[in-house]
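FYI, it's all coordinate maths here, none of it is from the lab. Just so you know, these numbers come straight off a predicted model, no measurement behind them. Cβ: placed from backbone, ideal geometry, glycine included. Neighbour counts: every protein chain shown.
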Amino acid sequence: MNPTVLKKSSNPDKSPRQCATGGLPARAAALVLLLAFASPLLFAAATGDPLPPTTGRLVDYTEIQDIFDKRCVECHEGDAAPNALNLIDTRSYNLLFDEASQEVPNLKRVKPGNAEQSYLFQKINQAVPKSGTRMPVGFTLPVAEQVAIRDWINQGALPVNRNPILVKAPTLTPASPRAGEGTRFSVEASDPNSDPITISWDFGDGVTATGANVVHTYAAIGTFNVLLTVKDNRNGERLEPLQVTVIADADTDADGIPNLTDADDDADGFTDGIELAAQTDPLNAASTPLGGSTVTPGALTISQFKAKFDFKKSPNDSLSARVIATVPDAFTVSGQALLIDLGGVVRSATFDAKGEFANATDSMKLKVKKQKTGGLTADISLKLKASLLAESFLGVQKASESDAAAAALPRAVSVFLAGTVQTTTANFTYKRKKSGPGSSSLAK
Ligand SMILES: [Ca+2]
Ligand SMILES: [Ca+2]
Ligand SMILES: [Ca+2]
Ligand SMILES: [Ca+2]
């Protein structure tokens with residue numbers, strides 16, 4: 001029986017294709033065998049057709065499969081494919097990648113990263129391969145296709161690239177930001193091939209950023225078309241458009257200072273921070289920590305203030321301060337409850353008989369002093385440690401130290417103690433160290 005079959009060819013030469021069922025026809029095999037014995041050097045020195053150097057273009061396996069579909073599968077298809085090499089798209093990859101050749105078992109069909117030592121490449125590139133005839137039978141693969149196969153192997157012979165996917169849809173916090181308000185953009189994405197990914201955002205106002213978790217501040221109100229792009233390192237990408245509506249800031253107490261920068265939005269005497277800590281409504285003057293009574297705060301003295309913000313490593317911020325408030329004559333430290341708002345860093349404490357308070361991150365001391373002019377003052381020293389002080393204090397997000405430098409804005413410091421409220425507004429300056437964490441200190 002004839003060991004070859006004829007099939008209609010899809011190749012450009014339009015000539016019928018010979019599908020070899022094994023290696024070389026017996027006579028040619030015998031000749032090669034003879035040559036091998038006669039001249040082992042000649043046999044071993046087989047080289048392929050010269051090809052242009054790689055351009056560095058990434059070749060995806062879809063391109064390789066297209067070549068197989070066009071050139072190879074008419075013979076290499078099904079269980080009876082030559083050398084059991086079935087090149088249809090659902091089978092080909094696993095039969096090639098790091099798989100020993102049947103004809104030359106000490107060679108891999110595809111040795112990832114090394115086309116020269118891959119039998120597949122030798123078979124399409126060498127006029128006289130180590131076994132059998134050059135493939136495809138009776139047809140030299142165009143140079144561009146040889147280059148594609150070579151480069152694909154040398155690039156690691158990766159399977160078909162799949163585009164990155166979103167594990168969680170992108171979120172905005174707050175969802176409808178105010179102009180001038182930092183908005184956090186977050187997304188979770190991954191790559192089905194486990195390729196490394198990069199995540200980037202185009203905020204639609206001419207500003208871009210990279211990272212899964214970024215903060216952006218819109219300067220103006222309006223609707224912005226945001227484009228989230230997740231890319232892998234193989235030209236795969238996932239695009240996700242979203243729209244952000246930036247709204248105007250309200251001015252609840254109509255004092256001309258928008259809520260974003262107003263320490264006490266409803267002008268009831270209690271800062272927003274103290275109201276949130278006391279669980280009253282910072283946008284309603286009839287809701288206060290004194291049962292609805294509004295107050296006119298007294299003056300507070302800050303005698304020392306130092307904050308350190310670490311923008312580089314895992315957040316590790318600290319703040320120390322000493323403030324002096326006036327308290328009623330009957331004031332005693334034992335059991336005294338304090339709410340303090342240090343420019344947005346809000347803490348509560350209840351002091352023991354020694355005037356001390358401590359928990360895992362904070363320690364405070366409260367001393368009562370008599371004034372020469374009569375009356376008492378409460379001298380409060382605080383040492384705070386926290387993972388994210390900068391966000392609260394500077395009103396900026398951890399991601400943006402440059403914003404912190406710009407945020408040397410006046411901040412309200414307020415104390416709610418023994419039924420009294422005392423507030424001051426202080427200017428803080430931000431200093432950046434040459435290396436290490438940034439720091440902020442009270443301006444003199
Ligand atoms: Ca991928
Ligand atoms: Ca206001
Ligand atoms: Ca208030
Ligand atoms: Ca209120």
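Summary of computed values
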{"quantity": "Separation of alpha-carbon centers, region 54-128 and region 193-227, rounded to whole Å", "calculated": "42 Å"}
{"quantity": "Using θ = phi - 60° and Karplus 6.51 cos²θ - 1.76 cosθ + 1.60, couplings along region 168-181 (whole Hz; Gly, Pro as x)", "calculated": "9, 4, x, 10, 10, 10, x, 5, 10, x, 8, 4, x, 9"}
{"quantity": "Amide H partners (placed H, <5 Å) of Asp251, local residues excluded", "calculated": "Asn259"}
{"quantity": "Charge tally in the Cβ shell below 10 Å around Val226, where Lys, Arg are +1 and Asp, Glu are -1, Val226 excluded", "calculated": "-3"}
{"quantity": "For region 250-258, Karplus couplings with θ = phi - 60° (6.51, -1.76, 1.60), whole Hz, Gly/Pro x", "calculated": "8, 10, 4, 9, 6, 9, x, 9, x"}
{"quantity": "Other-chain or far-sequence residues with amide H under 5 Å of Ile88's (modelled H)", "calculated": "Gly78"}
{"quantity": "Residue-by-residue Karplus 3J(HN,Hα) for region 203-219, coefficients 6.51, -1.76, 1.60, Hz, glycine and proline x", "calculated": "7, x, 10, x, 10, 10, 7, 10, x, 6, 9, 10, 10, 9, 10, 7, 7"}
{"quantity": "Overall form of region 250-398 per C-alpha gyration tensor (a/c, 1.5; a/b vs b/c)", "calculated": "oblate"}
{"quantity": "Residue-span extension gain [Ser293 to Asn213] - 0.36 nm each, minus C-alpha spacing", "calculated": "24.7 nm"}
{"quantity": "Flagged links, alpha-carbon separation over 20 Å, of Lys308/Lys369; Lys312/Lys433; Lys108/Lys231; Lys308/Lys367", "calculated": "Lys308/Lys369; Lys108/Lys231; Lys308/Lys367"}
{"quantity": "Placed amide H near Val226: partners under 5 Å, 5+ positions off or other chain", "calculated": "Leu242, Gln243, Val244"}
